[in-house]
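Data first, discussion second: the structure below is written as structure tokens.
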Amino acid sequence: MYLIFISLLFLSQCQDPTVFKASDKVSYIIKDKLKRPADLLFFTEGLTFIADNVLLESTGLYGDSEIHYIDNVFDKQNIELKLRQPIGKQYFGEGCSKIKNKNGKDEIYMLTWKERKAFLLNSNLQLVQELEIPGEIQEGWGMTSYRDKEGDAMLLISDGTNRLYHVDPNDFKVKKTVSVRLENGNELNKLNELEIIGDGTVLANIYETPLIAQIDPHDGKLLDILDFTALIQDVESVKGKGYTDPMFNKVLNGIAYREGNLILSGKQWPYFYQIELQSQQQS
């Protein structure tokens, strides 16, 4: 049986945090709310750790799409943009991920939505190569990375359907496709932002919902669906104060995981939420 049990290294000073039920298997605690400065309220598409205190974030919307580092994530007084690279007004940015290539150098990948382009960047976020999104992939949505059995880096991409695509970064071609279905056999569509976590499973935002699916990326088996309605309610309680269109209050998007740290965010949300997931006690 697959259960997530994540202990965070950076604990907040909250006393007696409220425990929320995410599913029959998993509960969670909001350990901390890391406030984003007003100039960091982006239309989040991709989110991933590249160091213990640094996030890589890709953003959407035509004319506003970019990729950047957010430094000092856990230092509320000094959180800031480290680098900032717009991708062009003709592109709507989507998911991103970082790998180490066979030469040990960092490579950063970023998708676009409908333009069928992806970008390979170096660690300074400078363009190295423009890539064509493989024809099997309908649109660019979410992206994460993992190591295969041979230790080689692979990309995992979503396109808003129920499919996940395993893509070899060496030629940017699809090597394997898996489909995700509910217990009743129906397709679980709108899989969006992706993040591989410590047990090798992938967490996937289900677009326009407060839900995150936990999936075995190798066979597409749906292991759990986690409900983060409490985060949505918290965002709705503070937004409407000059942040953005209230329709985006409910759009959970952005999952980052590193060595027990789980960060969740959404479209132009005022916070990064630091989450601790725990196995539900069985009665």
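Looking at region 83-153, the strands (runs of 3 or more DSSP E) lying wholly inside it that each contain 3 or more residues that are more than 27 Å from D216 (Cα to Cα) sit at 127-132.
Residue-wise test of (1) modelled with pLDDT under 80; (2) assigned to a loop (DSSP other than H, G, I, E, B); (3) over 12 Å from Y273 (Cβ atoms).
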| site | (1), (2), (3) |
| --- | --- |
| Y2 | yes, yes, yes |
| F5 | yes, yes, yes |
| D16 | yes, yes, yes |
| S23 | no, yes, yes |
| I30 | no, no, no |
| L34 | no, no, no |
| D39 | yes, no, yes |
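Of the listed requirements (1) open to solvent by 20 Å² or more (accessible area, probe 1.4 Å); (2) within 18 Å of I70 (Cβ to Cβ); (3) of a type outside the set (K, R), G88 misses just one: (2).
Out of the residues in region 105-156 meeting the condition of being at pLDDT 95 or above and among the basic types (K, R), tell me which one is most open to solvent (accessible area, probe 1.4 Å). Checked region 105-156; the qualifying residue most open to solvent (accessible area, probe 1.4 Å) is K114. Beta carbons closer than 6 Å, at least 6 apart along the sequence or on distinct chains, pair a first residue in region 209-227 that is farther than 11 Å from L252 by Cα with a second that is charged (D, E, K, R) and open to solvent by less than 50 Å² (accessible area, probe 1.4 Å) for Q214/D224.
Looking only at residues in region 62-82 that are touching a Pro at 6+ places or on another chain (Cβ under 8 Å) and outside any loop (DSSP other than H, G, I, E, B), the one that is surrounded by the most Cβ atoms within 10 Å (Cβ to Cβ) is E66.
Starting from residues that are open to solvent by 60 Å² or more (accessible area, probe 1.4 Å) and of a type outside the set (S, T, Y), keep the ones in region 165-181 and report whichever is farthest from G95 (Cα to Cα). Please lay out each step first, then the result.
The first filter runs over region 165-181 and keeps only residues open to solvent by 60 Å² or more (accessible area, probe 1.4 Å), leaving 170-171, 173, 175-177, 181.
Filter once more, keeping what is of a type outside the set (S, T, Y): 170-171, 173, 175-176, 181.
Details: N170: 18, D171: 19, K173: 17, K175: 19, K176: 19, R181: 22 Å.
Taking the candidates together, the pick is R181.
Residues that are touching a strand residue (DSSP E or B) at 6+ places or on another chain (Cβ under 6 Å) and among the polar types (S, T, N, Q) within region 73-92 comprise just one, Q85. On inspection, K114 passes the criterion of being closer than 29 Å to I70 by Cβ and in contact with a Phe, Trp or Tyr (Cβ under 7 Å, 6 or more places away or on another chain). Inside region 166-180, residues that are in a strand (DSSP E or B) and touching a Pro at 6+ places or on another chain (Cβ under 9 Å) make up a count of 5.
The values are calculated or read from the model by the stated rules, or taken from the named source; none is laboratory data. From a predicted model like this one, the values you see are computed outputs, not experimental measurements. We place every Cβ from the backbone using ideal geometry, glycine too, and count neighbours over all the protein chains shown. Keep in mind that these areas ignore ligands, DNA and RNA; they rest on the heavy atoms of the full protein, side chains included. Shrake-Rupley method; radii C 1.70, N 1.55, O 1.52, S 1.80 Å.
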